[in-house]
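**Student:** Quick one: this structure, given as structure tokens, is what I'll be asking you about.
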Amino acid sequence: MGIGADFGISKTYTSLSGIHDLTWAFAIRGMGKDYRPVAGRSALESSFTPSFGIQATVVKNSFISIRPSVGISVPGFQNFRAEIGSDFGFFNIVDVSLSFSLDVAQLTMDSVDAASLLPRISFTFRIPTGNDKKPSLTPGVLTTMSLASWYDGIVGIGAGVSLPLKRGDIQGPEIESSINYIELSPNNDGIQDRQELAIQLTDPSGISEYRWSVLDGNSREVFSAGEASLIPQINSIGAFLSHLTSNPDMVVGAFSIVVNGRGQDGTVLPDGRYSIYLDATDKYGNSTNKEIAVLFIDTEKPEISIGSLTQDEKIFSPNGDGNKDYLRIPQTGSKEDLWVMEFLNQQGIVVYEIAMNDQRPQDLTWDGTDSTGEILPDGVYSYRIHATDRAGNRNSAVLDNILLNSYISPVRLSISDQAFSPNGDGFRDSIEFRPELTKLDGVQGWSIRVMDTRDTTVRTYTGQGIPPRQILFDGRDNTEALLPEGSYKAELSVTYTSGNKPQAMSGIFQVDVTPPQGLVSKEWSIFSPDSDGEQDEILFYQEVFTEESRWVGEIIDEGNRIVKQYIWDRTVPFQLRWDGIDGDTRLVEDGDYRYRLRAEDAAGNRFTSDPVTFTKDTSGAEYLITPEFSAFSPNADGVKDENRLFITQRSRSSVQSYTITIMSANSEGSVRTYSGENSIPNSVRWDGKTDQGRPVADGIYYAQLQVTHNNGSVGTAKTSAITIDTRFPQITISTEDDIFSPDGDSRKDTFRFILDSSEEPEFRGEIQSIDGSVVTEFRWTDALESFEWDGRDSTGNIVDDGDYRLVIMSEDAAGNKTVKQSEPFALDTRKAAVFITLNQAGLAPNNDGYYETIEFGLFMNIVQGLERWAFEVQDASMNTVFLREGVEASDQFTITWDGRNSHGNIMEGAYTAFFTAVYEKGDSPEARSQSFVVDVSGPEQSVSLENTPFSPDGDGLNDELIINLRAVDESSIQAWQFSIFDRNGKLFNTFESEGDVPPNLYWDGISAEGEKVLAAEDYTYTFTTIDRWGNESQSRGVITIDIFVIRDGNQLKIQIASITFLPNSPELVLSQDTPQGLRNALILNRLIELFAKYPSYGIRIEGHAVNITGTQREQEEELIPLSRDRSMSVKQALVAQGMNPNRIEILGVGGSKPIVPHSDVDNRWKNRRVEFILER
């Protein structure tokens, strides 16, 4: 018996220099005690046979695969064998193997039988079995037959069947990607510059290699990366047995790749569509190539432009009047997936938004409504349009200072009366509502609601289209029940198709069904006004129980003619005396009369007292003398300049003579005498003068008649009092203002008249429009009283805007008449409005020439009647820091502020501007601007770095530098830039964009031109931010690059340009007293650490230099010796720190291998370097 074992190692390369599945193996076979069944013959190969073989695939497709092989062995260290052959596979089912062997001992030693030179051949057939779902795990049953010609005509035939202990693996790994669609904008703005894909590879055997690549639209590879070994480890016998017998779906690869839109040279790929493929190969050479994602690169931001509009073009009034009802915004842009258009109020709140999908922006028309279709309040608005495409490119445009000044089309609601009485008497049983619309086009609907004093709606009328001219209200509620007596009002609301909803309130009106009430009585039933002192007057007693606007007392004769009328406001005197004088100041005839008291309230309820009858009887007097006028005014004005004295004679006695004497009531002397004989005239005329022709003084006079009869008897008569009054009524009217606005805002809602007068029986006043039309009337007794007019007509409706005047007249009993009128005054119910616009939302008065001032646009819709205006800027604590005032202004003007307070100081912070206009009519509108800032400081910012020291060598550790950025400013960030510079201050790469700073940047160590950072170098950075007003901040720092290994073809190398030598000397600077020495020490220590990771590699140190002259002489005589000596200095320094000198060789290259063209003066310093080549 015998026992033996083979020991060996093997290595498979999935792809190497164009050769696939290259496998080499080395083994020592036949170790142990062999078995010799026949003396001198062994069943095994010679003991301790070193063997080496190599095999590779040269052809592989779906039809055929060809794998040639070569092997050598040294049996027992006493012979040499060589074998050459090839495997031919067809359709992955049939394999044919041919091989030839050459044995030196057989060819040279007679004692050894020579084998046949014919090739050995074998056939293998695969019979598929098992799992259709996992064909990669079902190698099936293998049947094999072999033929071999040995020696002396002996032919060996062998056959066999292989049954797998577990399912085999003949398919490539399964590949899964977390993302299959990517859109990038690799423009270094920090937004979608990169995308990380999580990759999962599943294979039961483990992954020997993976590689991912990016292909352009023409299937050309523009980038590739990746190599790894992900073969599962078997570190125990149990694991080995499990590996032999189990069939796991083992997830053996989970990693991520970063797609940054750059090509193999590090430059940004052109915009377009790309495909990302991943090729993974398992332990047995089975590979899978799969498109894992589609990549779109788009570095173009959306295009948008808003056309220029003047400030006047940005003012519109969406009130449906056909004039500037819409705001038109011209705009153009690129076609994007989504454009968002927003209108914002002064607080920055979006009030209306429009989304537009897959279109180019077109001109936009806005009607001033919000998202619900309601008209927005008047004010200042802004418009913003913005888009962010799928690649993260974004752009926006803004239109500021949109002025919405709708001045809603006015409507009015008039009423026919101030009160009515729905009592079914047929008189004022209803009241008319009279809607008045200044604009009839576009009326959608209307409503009128009647409200009580608590604003509770008691009756509603609605309709579509234009409301009727009159709507009859019968005093009943919506349930047809009669409303309680009291005060009510009505509100008209009109809806226009434009969205305007103007409203108007009627005047207060009364529902009143209670009539006035009163009583009348008399003292005597007969009176005789003959001036005899006995019952010359009749006395009436009267009492009323309600206050009414007017009471009327009337004395009516037998022919139903009203001979005397009395008018009182609100109430009546308790006693009324009548002296028989009619309304024309004449004595009435004797006869029967009656007196009645009547009233009609504002609602039309009427009252008439029972008449009081009485008799005037002067028949007992022989003579009567009565004046034509109880008062007259001999002042030559043509009115009552004289008074006739009428004489009535009832005596039958003949007249001898008569005398008429006019006497003053203040003295017994006469002032004028008339006399005659035989007969008495019917009348005499007194012109108010004395016998001497002089005018008498104003006062009370009497006329005395004395008649002497022929029989000697005497008859007399006396007039009632005659008043001479030559003075005109005195009336003065003054006003405090010349305009008012009865609009309910509690400011100058009434117009005050200051009145003064002499005492007169009655004054009548009228408010007249400028054309003389009377809109309302007033009445005073005894004297004028100052009052305030509320702008309503006699029925309680607000009159139209316009100019008016007050006219007051008075005529006394003597016929003196005075008419006075006020100066014209204006009634203006237009709603005054003011607005503020800003040319920008802040300023930065720091003398850099940018945003040094801010300009405020001030607007007024009414300038007539402006009393004063004020503009002020207040800080956040509401302290006024800037003030301008005036009394005159145009409807549009500007004010500029330089950010300084009254002391000339600049204080940063938030501010608000206020614009107030005070009008003579009482309006005092105020506008408040949006908040703006005074900002002279740059943003507050910071930078921190992650994954340092940075080593972009593709080993999965610190391959990307994470740059954490922070920048905040009270104003927004306008733009930012993160710039990286090499040791000479030359720009290496830049990240920049407009708008907010991204929280993180990811840098792969590649410059904008595709150049990779140098190992062991310090790169400086500058982080710059600029706020909206041009204030700038900067932060500076250093990015330290670690020493890292790069693959250059089949080589591994380290390039370091920062190792410092003394000038023109091979001496390495190692002094710890200098920065160069400290840095060299760090580099050497890091190299020691790094080389320890590659213990099986030799190291070639190459010194490189810069050939300044470009001559061969400098290269051979100076640079090669210098670079070789410098390489030696580095080697010695490494050996001094413990490295094995046998691992290191040196080479002086001089300037023969520049990595930067010699003509690039700024960068050719990089050619002066030390390279470490790692070789096996």
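**Student:** Pick from S528, S506: which is among the polar types (S, T, N, Q) and under 30 Å from A721 (Cα atoms)?
**Tutor:** So the residue among S528, S506 that is among the polar types (S, T, N, Q) and under 30 Å from A721 (Cα atoms) is S528.
**Student:** In this structure, is G368 at positive phi and surrounded by 15 or more Cβ atoms within 10 Å (Cβ to Cβ)?
**Tutor:** On the way: at positive phi: yes; surrounded by 15 or more Cβ atoms within 10 Å (Cβ to Cβ): yes.
Taking the combined requirement at face value, the residue satisfies it.
**Student:** For T585, all conditions in the list (1) touching a Gly at 6+ places or on another chain (Cβ under 7 Å); (2) on the phi > 0 side of the Ramachandran plot hold save one; what is the number of the exception?
**Tutor:** The number of the failed condition is (1).
**Student:** Please work out if P573 is surrounded by 19 or more Cβ atoms within 10 Å (Cβ to Cβ), assigned to a loop (DSSP other than H, G, I, E, B) and more than 60 Å from the chain's Cα centre (by Cα).
**Tutor:** Values: surrounded by 19 or more Cβ atoms within 10 Å (Cβ to Cβ): no; assigned to a loop (DSSP other than H, G, I, E, B): yes; more than 60 Å from the chain's Cα centre (by Cα): yes.
Taking the combined requirement at face value, the residue does not satisfy it.
**Student:** OK, next. If the requirement is being part of a loop (DSSP other than H, G, I, E, B) and in contact (Cβ under 8 Å) with a residue 60 or more places away in the chain, which of these qualifies: T818, T829?
**Tutor:** Values: T818 fails: part of a loop (DSSP other than H, G, I, E, B).
Just one listed residue meets the conditions, T829.
**Student:** Might you check whether a residue that is part of a strand (DSSP E or B), crowded, with 20+ Cβ neighbours inside 10 Å, of a type in the set (F, W, Y) and out of contact with any Leu (no Cβ under 6 Å at 6 or more places or on another chain) occurs anywhere in the stretch 659-678?
**Tutor:** no
**Student:** Take P1066 and tell me if it is part of a loop (DSSP other than H, G, I, E, B) and either of a type in the set (K, R) or touching a Leu at 6+ places or on another chain (Cβ under 7 Å) (or both).
**Tutor:** Judged against the criteria, P1066 is a match.
**Student:** What number goes with the only condition from (1) surrounded by 15 or more Cβ atoms within 10 Å (Cβ to Cβ); (2) more than 19 Å from R412 (Cα to Cα) that T776 does not pass?
**Tutor:** Of (1) surrounded by 15 or more Cβ atoms within 10 Å (Cβ to Cβ); (2) more than 19 Å from R412 (Cα to Cα), only one is false for T776: (2).
**Student:** So, one more: Scan the strands (runs of 3 or more DSSP E) fully inside the stretch 261-355 and keep the ones with 2 or more residues being in contact with a helix residue (DSSP H, G or I) (Cβ under 7 Å, 6 or more places away or on another chain).
**Tutor:** Result: empty, no element qualifies.
**Student:** Then there is this: Go through the stretch 1070-1089 and give me each residue that's among the β-branched types (V, I, T) and free of Cβ contacts under 8 Å to residues at least 60 places away in the same chain.
**Tutor:** Selection gives T1074, I1088.
**Student:** So, in the stretch 1108-1135, exactly how many residues are surrounded by 19 or more Cβ atoms within 10 Å (Cβ to Cβ) and either in contact with a Phe, Trp or Tyr (Cβ under 7 Å, 6 or more places away or on another chain) or among the polar types (S, T, N, Q) (or both)?
**Tutor:** 4
**Student:** Hey, can you tell me all the residues within the stretch 1052-1068 that are exposed (fewer than 13 other Cβ atoms within 10 Å of the Cβ) and polar (S, T, N, Q)?
**Tutor:** N1064, S1065 - these are the residues of the stretch 1052-1068 that are exposed (fewer than 13 other Cβ atoms within 10 Å of the Cβ) and polar (S, T, N, Q).
**Student:** Which of (1) more than 29 Å from A889 (Cβ to Cβ); (2) modelled with pLDDT of 90 or more; (3) more than 50 Å from the chain's Cα centre (by Cα) is the odd one out, the single condition E823 does not satisfy?
**Tutor:** Answer for E823: the failing condition is (1).
**Student:** Within the stretch 331-341, identify whether any single residue is among the β-branched types (V, I, T) and surrounded by 20 or more Cβ atoms within 10 Å (Cβ to Cβ), and answer yes or no.
**Tutor:** There is no residue in the stretch 331-341 that is among the β-branched types (V, I, T) and surrounded by 20 or more Cβ atoms within 10 Å (Cβ to Cβ).
**Student:** Take the residues of the stretch 742-771 that are among the acidic types (D, E) and closer than 23 Å to D725 by Cα: which is surrounded by the most Cβ atoms within 10 Å (Cβ to Cβ)?
**Tutor:** Taking the candidates together, the pick is E760.
**Student:** Within the stretch 396-438, how many residues are part of a loop (DSSP other than H, G, I, E, B), of a type in the set (G, A, S) and in contact (Cβ under 8 Å) with a residue 12 or more places away in the chain? Full working, then the answer.
**Tutor:** We begin by selecting, within the stretch 396-438, every residue part of a loop (DSSP other than H, G, I, E, B); these are 405-410, 416-418, 421-430, 438.
Among the residues that remain, those that are also of a type in the set (G, A, S) are: 406, 409, 416, 421, 424, 426, 430.
Right, trim to in contact (Cβ under 8 Å) with a residue 12 or more places away in the chain and you get 406, 409, 416, 421, 430.
So the count comes out to 5.
**Student:** Okay, next question. Among the residues of the stretch 446-481 satisfying the criterion of being over 16 Å from R412 (Cβ atoms) and among the aliphatic types (A, V, I, L, M), which is surrounded by the fewest Cβ atoms within 10 Å (Cβ to Cβ)?
**Tutor:** A481
**Student:** Can you name every residue in the stretch 577-603 that is surrounded by fewer than 21 Cβ atoms within 10 Å (Cβ to Cβ) and within 30 Å of G424 (Cα to Cα)?
**Tutor:** R596, R598, E600, A602
**Student:** Kindly state which strands (runs of 3 or more DSSP E) lie completely within the stretch 697-804 and contain at least 1 residues that are out of contact with any helix residue (DSSP H, G or I) (no Cβ under 7 Å at 6 or more places or on another chain) and under 30 Å from S664 (Cβ atoms).
**Tutor:** 699-709, 714-718, 722-724, 731-735, 751-757, 760-769, 774-782
**Student:** Which residue is modelled with the lowest pLDDT, if the candidates are limited to the stretch 465-512 and must be among the small types (G, A, S) and either under 13 Å from G445 (Cβ atoms) or assigned to a loop (DSSP other than H, G, I, E, B) (or both)?
**Tutor:** S498
**Student:** Scan the stretch 967-1003 for residues that are in a strand (DSSP E or B), among the small types (G, A, S) and within 21 Å of A910 (Cα to Cα) and jot them down.
**Tutor:** Of everything in the stretch 967-1003, just one residue is in a strand (DSSP E or B), among the small types (G, A, S) and within 21 Å of A910 (Cα to Cα), namely A967.
**Student:** Out of curiosity, is S10 surrounded by 15 or more Cβ atoms within 10 Å (Cβ to Cβ) and at pLDDT 65 or above?
**Tutor:** No: the conditions fail for S10.
**Student:** Condition test on T365, is it within 24 Å of F859 (Cα to Cα) and either in contact with a strand residue (DSSP E or B) (Cβ under 9 Å, 6 or more places away or on another chain) or of a type in the set (S, T, Y) (or both)? Walk me through how you get there before you give the answer.
**Tutor:** Numbers: within 24 Å of F859 (Cα to Cα): yes; either in contact with a strand residue (DSSP E or B) (Cβ under 9 Å, 6 or more places away or on another chain) or of a type in the set (S, T, Y) (or both): yes.
For T365, the condition - within 24 Å of F859 (Cα to Cα) and either in contact with a strand residue (DSSP E or B) (Cβ under 9 Å, 6 or more places away or on another chain) or of a type in the set (S, T, Y) (or both) - is met.
**Student:** Right, another one. Would you point out the residue of the stretch 432-448, among those that are of a type in the set (V, I, T) and at pLDDT below 95, that is nearest to the chain's Cα centre (by Cα)?
**Tutor:** V443
**Student:** Of all the residues that make up the stretch 923-966, how many are in a strand (DSSP E or B) and not β-branched (V, I, T)?
**Tutor:** Number of matching residues: 15.
**Student:** Here's a follow-up. Given the options K33, K60, name the one that is surrounded by 15 or more Cβ atoms within 10 Å (Cβ to Cβ), at pLDDT below 80 and assigned by TED's automatic domain parsing to the domain that holds P75. Don't jump to the end; show me each part of the working.
**Tutor:** Working: K33 fails: surrounded by 15 or more Cβ atoms within 10 Å (Cβ to Cβ).
Among K33, K60, only K60 is surrounded by 15 or more Cβ atoms within 10 Å (Cβ to Cβ), at pLDDT below 80 and assigned by TED's automatic domain parsing to the domain that holds P75.
**Student:** Sticking with this one: Please specify each residue of the stretch 1136-1174 satisfying the condition of being loosely packed, with under 15 Cβ neighbours inside 10 Å and of a type in the set (D, E).
**Tutor:** If the condition is that a residue be loosely packed, with under 15 Cβ neighbours inside 10 Å and of a type in the set (D, E), then D1160, D1162 are the ones that fit.
**Student:** Restricted to the stretch 419-431, and to residues that are polar (S, T, N, Q) and surrounded by fewer than 21 Cβ atoms within 10 Å (Cβ to Cβ), which residue is modelled with the highest pLDDT?
**Tutor:** Out of the qualifying residues, it is S430.
**Student:** So, of the residues in the stretch 624-658 that are part of a loop (DSSP other than H, G, I, E, B) and among the hydroxyl-bearing types (S, T, Y), which turns out to be modelled with the lowest pLDDT?
**Tutor:** This residue is S651.
**Student:** Listed residues S205, S185, S178; which is among the hydroxyl-bearing types (S, T, Y), surrounded by fewer than 19 Cβ atoms within 10 Å (Cβ to Cβ) and either within 30 Å of D996 (Cα to Cα) or assigned by TED's automatic domain parsing to the domain that holds T281 (or both)? Quick ask: steps written out before the conclusion?
**Tutor:** Working: S205 fails: surrounded by fewer than 19 Cβ atoms within 10 Å (Cβ to Cβ); S185 fails: surrounded by fewer than 19 Cβ atoms within 10 Å (Cβ to Cβ).
Checking each option against the conditions leaves just S178.
The values are calculated or read from the model by the stated rules, or taken from the named source; none is laboratory data. Since the model is a prediction, treat every value here as computed from it, not as a measurement. Heads up, the Cβs are rebuilt from the backbone with ideal geometry, glycines too, and the neighbour counts pull from every protein chain shown.
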